[in-house]
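For reference, the structure is listed below as C-alpha cells.
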Amino acid sequence: MAELDKKSVDATPNVAEVATVNAVTGTEAVAALDAPVSQGEPILQVRNLVKHFPLTQGILFKKQVGAVKAVDGISFDLYQGETLGIVGESGCGKSTVAKLLMTLERATAGEVFYKGQDITKLSGRALKAVRRNIQMVFQDPYTSLNPRMTVGDIIGETFEIHPEVAPKGDRRRKVQDLLDVVGLNPEYINRYPHQFSGGQRQRIGIARGLALNPEIIICDEPVSALDVSVQAQVINLMEKLQDEFNLSYLFIAHDLSIVRHISDRVGVMYLGKMAEIGTDTQIYDHPTHPYTQALLSAVPVPDPDAREGRERIILSGDVPSPANPPSGCRFRTRCWKAQDKCATEVPLLAIPERFKASDTPAAHESACHFAEEKDVVHAA
Amino acid sequence: MLLEVRDLHVEFHTRDGVAKAVNGVNYSVAEGETLAVLGESGSGKSVTAQAVMGILDMPPGRISGGEILFKDRDLLKLKADERRRIRGQEMAMIFQDALSSLNPVLSVGQQLGEMFVVHRGMSRGDARAKAIELMDRVRIPAARERVGDFPHQFSGGMRQRIMIAMAMALEPSLIIADEPTTALDVTVQAQVMDLLAELQRELNMGLILITHDLGVVADVADKIAVMYAGRIVETSPVHEIYQAPAHPYTKGLLRSIPRLDQKGQELYAIKGLPPNLLHIPPGCAFHPRCPMAQAVCRTDVPPLYTVDEERRSACHFWKETLDAR
C-alpha cells in the first residue's frame, strides 16, 4: 500500500514522498507551490455524487414518502496542493459533500475516486487506510473538541487508531511537534480545551487534522466561528501549512471574501447542484451564472464608496425545499432570466457554447442556459 | 438628541471576580440616524445595548455608573413600570436569532397582536387585523393565510422579518438591532437590511446597529463607534473611518479582512488575543496587541482625543496612525 511509505509526521516537507505516490513529478509538485495547480493528475475525482436522505412516515412500519435531495449529482476534481473553495447558502448541500468525501455518510449514488480507488465502495481496512489521508477540520472549535480530554489526548487519539504513524513511545513528542507547527506552546499539551480561546482551539483542531500527515484536508467553515482579528491568523496559518506539507484543501464556507482569498478554484453550489466552477478570477471577476452574480452582488463590501457604484441584485424569495426542488434549472424560481426552457431542461455544467471558441475568462463551466458575463464585484 | 449614553459602566460579578464589560461608553443617536456599533465578542457592544433597553440580567450584571438619556430623561432613574412603558412603545430591539427570540408555542399572529393588546388595549380581533397589516408591511407573502402559522413554519429570513415587524409594531423612535443578519445567508441578508433601512426612513427612527461585519456597516451606517474591551476606541462618520482610520485597532481590523474584489496577498493579522475582561491590561487595553505601543500606552488610559469636529480616537498616537497609512 502506498500509504506505508509515509511513516513520519515530522515537519519535514514530504513533497518527494507524495510525488512518487501520485505520479506527479517532484519538480511539478514544488512548482505547484506558487503556480496555479490545476494541472496534472487530480488527487480526488468526484463523479455524479448523489445523497438523498429518505423522508419516512409512520413509527413501526416506516414508509418512505420522499427524499431530501441534499446532493444531487455533482462532479469536480481536486488537484494536489490546490485549494478548492465551495460556496453556497445554507441547505445547498456543501456540508453533505464534506461528509460524503469523509465517508461519514454513504453516498446514494456516484463515485469518489481517490488515486483511482472508488472510496464510496470501500469498507473495513481499505477504508481506514484511505481515511488516514483525508482529514477534516470542523467549524465549531467549541463543540468539536472533547472537553474531558487534554489537548495531548485529543491529538494523540488519532495515533491510537492509526498506530503505524507513530510508535507508542514517540507519540507525546509528535503531539508537541504538531502543537509547535500550528503555533501553540508545546508545553500546553496537558491543558484542556476550555483553557484556550476560540482561535487557539481551532489551531488544536488543525493540529489534529494534520496528525496523520494527510494529503487532503476538508475544512467545513473553519473560521466562521472566529472573531475577525483572529480569523486572519488562522487563515494565514492554513496557507502556511499548505505550502509546507503540500496539502490539498477542500474549503467549504459561506463567506465569499475569505473563499476568494484562500482558493485557487471555486465551485458555487445551489440546492444540491454545482452552478458554476472555475478559477477564483473566473468566478469572482467574470461570473456567468445568475446565481453566482446575485450571490456576489449581495456581499457587503467594506468600502462605503463602493455602495453607490456597485450593482445590487436582490433576489426575491427563499431557497426552495431540497425535498421538492423545482423542475429543470433549480434556480429558475428566483432567477430574473428564467424562460420556459429553464423549467423543462436541466442545464448541464459545461463551458457555455458561446464562450467555447474564445479565450475569455468567461469560458468556464456554468450550468445556465443563458450564461452571460457580468461584473458585480467592482464598482462601475 | 434622541438617545445619549454618557459614561456608562457595567460590570458582572462572577465566581472568578468582577468582569468589567463596559467601562465608560459615550454615544448618541439622533432621529433618522444609523449608528453602527462595531466590535468583536466581549467588546461590550451588546451589553451596552441591553443596558439601554433595560434588559440586562441583574444580577450578575450591575450598572455601576453613567446616564442613559432618552428624549432628555435619564432611563436609569425611572421606575420599573415606567421603563416597561417605554420599552416596546418608544424603543424596541431586534435580536440575532429569531427562532429563539420568538415563542415557539404561540402563532406569529398572536405574538404580533399581543403588542397591540397590551400597549394599546385593542381587542383580539383588531389585534389580529393589525398583525396581518404588519406582516404585509414587512413583505411576508400571503400574510392573511400565514398569520396563524408558528415560528418554525417560517424560513430564517421570514422569521427575521417577523422580528422586524414586531419591533416596528408600535412605531418606536429608536430601534436597536443586535446582529440582525448574522444568522442569515447573504442573499437573504441583503433583503432584510434593505427592508430595515426602508422602514427606518419611513418612520424616521434612530437605529443602533450592533455588528462585527465591516461590510454591513459600510452599506448602511451614517456613523460608527468601534468598541474594544468595554470602551469606545474610535467614533467617526462612516466614510472617513474606512479611508483613514485613526485608531490602530480599527486599522488592523480593516486590513485583516480579505477583499471580494481583489485577490490579496497574505492577510494582515492583529497579533495576540482579545483581552480577558477580568484582567483588562492597564493603560490602553489594546497595547499588548498594538504595533505602535510605547511606554505611555502601558500606563496612561488614553482619553477620546478630538481628531476633528466629528471624529474621536482613544489613541495617544492617533496623529501618527492617521499619517502612517
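Some observations on this one:
- Candidates per chymotrypsin sites (Phe, Trp or Tyr not before Pro) in segment A:140-193, loop by DSSP, up to 16 other Cβ within 10 Å: A:Tyr142
- Only beta bridges with both residues in chain B are counted; by DSSP, about 60 percent of them are antiparallel.
- Candidates per chymotrypsin sites (Phe, Trp or Tyr not before Pro) in segment A:39-85, loop by DSSP, up to 15 other Cβ within 10 Å: A:Phe61
- Of all accessible heavy-atom area on segment A:285-366, the percent that carbon and sulfur account for (1.4 Å): 50 percent
- Pairwise FRET efficiency - A:Ser316 versus A:Asn48, Cβ, R0 = 22 Å, nearest 0.05: 0.10
- Per-selection Rg to Rh, the protein assembly as shown - Cα, Kirkwood hydrodynamic radius: 0.97
- Positive-pole candidate from A:Ser248, B:Ile175, A:Ile119, dipole of the protein assembly as shown, charges at beta carbon: A:Ile119
- A versus B: buried accessible surface, summed, Å² (probe 1.4 Å, to nearest 100): 3900 Å²
- Members of segment A:202-227 that become less accessible by 10 Å² or more once partner protein chains are added (1.4 angstrom probe, chain alone as reference): A:Asp227
- Set of lysines with alpha-carbon distance to A:Lys174 below 18 Å, sequence-local pairs under 8 removed: A:Lys6, A:Lys7
- Rel. contact order, % - alpha carbon contacts under 8 angstrom, at least six apart, chain A: 18 percent
- Listed pairs A:Lys115/A:Lys240; B:Lys20/B:Lys251; A:Lys94/A:Lys128; B:Lys45/B:Lys130; A:Lys69/A:Lys374; A:Lys273/A:Lys337 exceeding 28 Å between Cα atoms: B:Lys45/B:Lys130; A:Lys69/A:Lys374
- The long axis of helix A:198-210 is offset from the longest Cα principal axis of chain A by roughly 80 degrees.
- Built amide H within the under 5 Å cut-off of B:Gly24, gap 5+: B:Leu8, B:His9, B:Val10
- DSSP-defined antiparallel bridges as percent of all bridges, chain A, nearest 5: 65 percent
- The relative contact order of segment A:285-366, computed from alpha carbon pairs under 8 Å that lie at least 6 residues apart in sequence, is 26 percent.
- Sorting A:365-378, A:264-277, B:279-292 by average packing, meaning the other beta carbons within 10 Å per residue, from highest down gives A:264-277, A:365-378, B:279-292.
- Percent antiparallel among DSSP beta bridges (both partners in the protein assembly as shown, rounded to 5): 60 percent
- In range of the label at A:Asp153: residues from segment A:161-194 whose backbone nitrogen is under 13 Å from the point 7 Å along Cα→Cβ: A:190-194
- Distance between the modelled labels on B:Ala295 and B:Arg139, one decimal in nanometres: 6.0 nm (7 Å Cα→Cβ projection).
- Shown here for segment B:12-65: GluC sites (Glu not before Pro) in loop regions (DSSP other than H, G, I, E, B) with at most 15 other Cβ atoms within 10 Å, namely B:Glu31.
- For the protein assembly as shown, size of Cβ-based charge dipole, Lys and Arg +1, Asp and Glu -1, in debye: 2100 debye
- Karplus-based coupling profile of segment B:160-170, in residue order and whole Hz: 5, 5, 5, 4, 5, 4, 5, 5, 7, 3, 9, with θ = phi - 60° in 6.51 cos²θ - 1.76 cosθ + 1.60 and x standing for Gly or Pro.
- Cα shape, segment B:282-325, gyration tensor, a/c 1.5 rule: oblate
- Taking amide H as placed 1.01 Å from N in the peptide plane, A:Thr83 has its amide H under 5 Å from the amide H of A:Tyr249, A:Asp264, A:Arg265, each at least 5 places away in sequence or on another chain.
- Accessible area per residue, Å², the protein assembly as shown with all protein chains present, probe 1.4 Å: 43 Å²
- Dividing the radius of gyration of the alpha carbons in segment A:285-366 by their Kirkwood radius gives 1.02 for Rg/Rh.
- Between the listed residues A:Pro322, A:Val299, A:Ile351, the Cα displaced farthest toward the positive end of the dipole of segment A:285-366, a dipole computed from Cβ unit charges relative to the Cα centre, is found at A:Pro322.
- Converting phi to 3J(HN,Hα) with the Karplus coefficients 6.51, -1.76 and 1.60 and the offset θ = phi - 60°, segment B:57-72 yields 6, 10, x, x, x, 8, 8, 9, x, x, 9, 10, 8, 10, 6, 6 Hz in sequence order, with x at every glycine or proline.
- Chain-alone versus full-assembly comparison, segment B:179-213, residues with accessible loss of at least 10 Å² (1.4 Å probe): B:Asp185, B:Val186, B:Thr187, B:Val188, B:Gln189, B:Ala190, B:Gln191, B:Asp194, B:His212
- Local net charge near B:Met115, Cβ-Cβ under 15 Å (Lys/Arg +1, Asp/Glu -1): +3
- Peptide B:156-167 shows a mean partner chain C-beta count of 1 within 10 Å per residue C-beta.
- The alpha-carbon atoms of chain A, seen along their principal axes, cover 67, 60, 43 angstrom, with the largest extent given first.
- Relative contact order for chain B, counting Cα pairs under 8 Å that sit 6 or more residues apart, in percent: 20 percent
- Rg/Rh ratio calculated on Cα atoms of segment B:46-126 (Kirkwood radius): 1.01
- Comparing the full protein assembly with the isolated chain, the residues of segment A:235-263 losing at least 40 square angstrom of accessible surface (1.4 Å probe) are A:Asn236, A:Ser257, A:Arg260, A:His261.
The values are calculated or read from the model by the stated rules, or taken from the named source; none is laboratory data. Please read these numbers as outputs of a predicted model, since none were measured by experiment. Glycine also receives a Cβ, built like all others from the backbone with ideal geometry; neighbour counts cover every protein chain displayed. Just the protein is used for accessible areas: all its heavy atoms, side chains included, with ligands, DNA and RNA removed. Shrake-Rupley method; radii C 1.70, N 1.55, O 1.52, S 1.80 Å.
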